[in-house]
1. Residue check: is ASP135 touching a Gly at 6+ places or on another chain (Cβ under 8 Å) and either modelled with pLDDT of 95 or more or polar (S, T, N, Q) (or both)?
2. Can you find a residue in region 159-179 that is closer than 19 Å to SER71 by Cβ, surrounded by fewer than 20 Cβ atoms within 10 Å (Cβ to Cβ) and assigned by TED's automatic domain parsing to the domain that holds ASP55?
3. Consider THR146 carefully, then state whether it is within 15 Å of ligand 2 (Cβ to nearest atom) and assigned by TED's automatic domain parsing to the domain that holds THR80.
4. Which condition breaks for LEU42 when tested against (1) loosely packed, with under 11 Cβ neighbours inside 10 Å; (2) at pLDDT below 65?
5. Looking at ALA105, ALA114, ALA84, ALA118, can you tell me which residue is more than 12 Å from ligand 1 (Cβ to nearest atom) and buried (at least 17 other Cβ atoms within 10 Å of the Cβ)?
6. Which one of these does ALA114 not meet: (1) in contact (Cβ under 8 Å) with a residue 60 or more places away in the chain; (2) within 15 Å of ligand 2 (Cβ to nearest atom); (3) more than 25 Å from SER56 (Cβ to Cβ)?
7. Of the residues that make up region 86-96, is at least one touching a Leu at 6+ places or on another chain (Cβ under 7 Å), touching a residue at least 60 places away in the same chain (Cβ under 8 Å) and basic (Lys, Arg)?
8. Kindly check whether there is at least one residue in region 91-102 that is more than 12 Å from ligand 1 (Cβ to nearest atom), at pLDDT 95 or above and within 21 Å of the chain's Cα centre (by Cα).
Amino acid sequence: MSAPAREVSVASGSRIAARLAPWIVALALTTAACRFLYFPPLTPAPPAAVARLVDSSGRPAGTAVFLQQGSEVRVLLDVTGLPAGSKGVHIHEVGKCDPPSFESAGAHFNPTKAAHGAANPRGPHAGDLGNIYVDPTGKGHLELSTSRITLKKGSTSIFDADGSSIVVHQSGDDQRTDPTGNSGPPLACGVIIRAG
Ligand SMILES: [Cu+2]
Ligand SMILES: [Zn+2]
């Protein structure tokens, strides 16, 4: 007497499972894709930051965007109106960009007390971001990921007590010469501010 009832129950159970299967697959795929994606209703926004660069006359010279992606920070830098060529790019240790010298930005961001440059055996500084190539129209784009800085709390946070800035220099950075890579004086500077 009870066997038919149980069969019905099993049959309807597997029908429900069949109906749910596409959703389970979709949920699994979504979870896998979640590592770098941000779904506003589901997850808190990962930290982000922005810097608006000015040149030595105080005129706009570009924008930098910083996106925390797991343990790395993606940096996207666009510059305009700068002289052509290769230019050293660093995060400097103070969030203050007073033109024309930008000396207010201090030295390279260096929480680990390293030497300058990726080609230096004791380097690099956490703030060493290599070079941006500026084309003959004055525009340049640089994109990189680094785990040497963070937008979160911690010893390598660029949001320390006095903040940080991003600086583009007159010459290429040789990635080796301590403490500045022979990159010459600053051309442009932007204070890095939280954007989410
Ligand atoms: Cu610099
Ligand atoms: Zn450096």
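The values are calculated or read from the model by the stated rules, or taken from the named source; none is laboratory data. Keep in mind it's a predicted model, so treat the numbers as computed, not measured. Cβ coordinates were reconstructed from backbone atoms using ideal geometry, including for glycine residues, and neighbour counts include every protein chain displayed.
1. In short, no.
2. yes
3. yes
4. All conditions pass for LEU42, except number (2).
5. Just one listed residue meets the conditions, ALA114.
6. That leaves (1) as the condition not met.
7. Yes.
8. Yes, region 91-102 contains at least one residue that is more than 12 Å from ligand 1 (Cβ to nearest atom), at pLDDT 95 or above and within 21 Å of the chain's Cα centre (by Cα).
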